[in-house]
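Comments concern the structure below.
The values are calculated or read from the model by the stated rules, or taken from the named source; none is laboratory data. The shown structure was predicted, so the numbers you read here are calculated from the model rather than taken from an experiment. With ideal geometry, Cβ positions are generated from the backbone for all residues, glycine too; neighbour counts draw on all protein chains shown. These area figures cover heavy atoms from the full protein model, side chains too; ligands, DNA and RNA do not enter into them. Shrake-Rupley method; radii C 1.70, N 1.55, O 1.52, S 1.80 Å.
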Amino acid sequence: MTGKPKGAGALNGFLDAGARLEGTLSFDDVFRIDGHFKGSVVSDHELVVGDRAVIEGDIRVGRLAVSGTIRGVIHATERVEVHAGARIYAEIHTPVLVVEEGALLQGPVEAGGLPPADEKPG
């Protein structure tokens, strides 16, 4: 589809509940995980972690929305949203962190603040 507005990403793929996958996942647009994934996720786009999902590993994405469980390290260039019922046992690095009431978050968090030293303002 051409001419798609920015932020109107289509679902590019999913890992359904009951499925298990190990390795490195990369994708365009939006990917949803409802199963068990172990490994690395790398994308400039959005990862959606469903309420039955379990992810173990390194996540490097543009945006992350979590309703399930993550163990590992999270790097998001735009934002991380942690929804009620989510369980995160991870180190988090993101400019914007939104945590809903009822979510569990354990681990060091680096959110907001100044841009990284290698970026020049403006």
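Whole-Hz Karplus values for the range 81-92 come out as 10, 10, 8, 3, x, 5, 10, 10, 10, 7, 7, 10 Hz, taken residue by residue from phi with 6.51 cos²θ - 1.76 cosθ + 1.60 and θ = phi - 60°; glycine and proline positions read x.
If 46, 22 are ordered by their accessible area, calculated over protein heavy atoms with a 1.4 Å probe, which sequence runs from highest to lowest? Display every interim value, and only then the final one.
Working: 46 50, 22 140 Å².
Descending order: 22, 46.
Taking amide hydrogens as placed 1.01 Å from N in the peptide plane, the amide H of residue 56 sits under 5 Å from those of 37, 38, 39, 71, each at least 5 positions away in sequence or on another chain.
Values of log10 I(q)/I(0) for the range 25-79 across q = 0.17 Å⁻¹ run -0.41, by the Debye formula with one identical scatterer at each alpha carbon and no solvent.
Around residue 16, with a cut-off of 10 angstrom between Cβ atoms, what is the net charge of the other residues, counting Lys and Arg +1 and Asp and Glu -1?
Residues near residue 16 contribute +1 overall.
Put simply, when 70-80, 98-108 are sorted by average Cβ atoms within 10 angstrom per residue, most first, you get 70-80, 98-108. Accessible surface area normalised per residue over the range 1-108 is 53 Å², counting heavy atoms of protein chains with a 1.4 Å rolling probe.
Run the numbers for residue 26 and residue 100: contour at 0.36 nm per residue of separation, minus the present Cα-Cα distance, in nm. List each step's numbers first, then the result.
Numbers: separation 74, 0.36 × 74 = 26.64 nm, distance 2.73 nm.
Fully extending the segment from residue 26 to residue 100 adds 23.9 nm.
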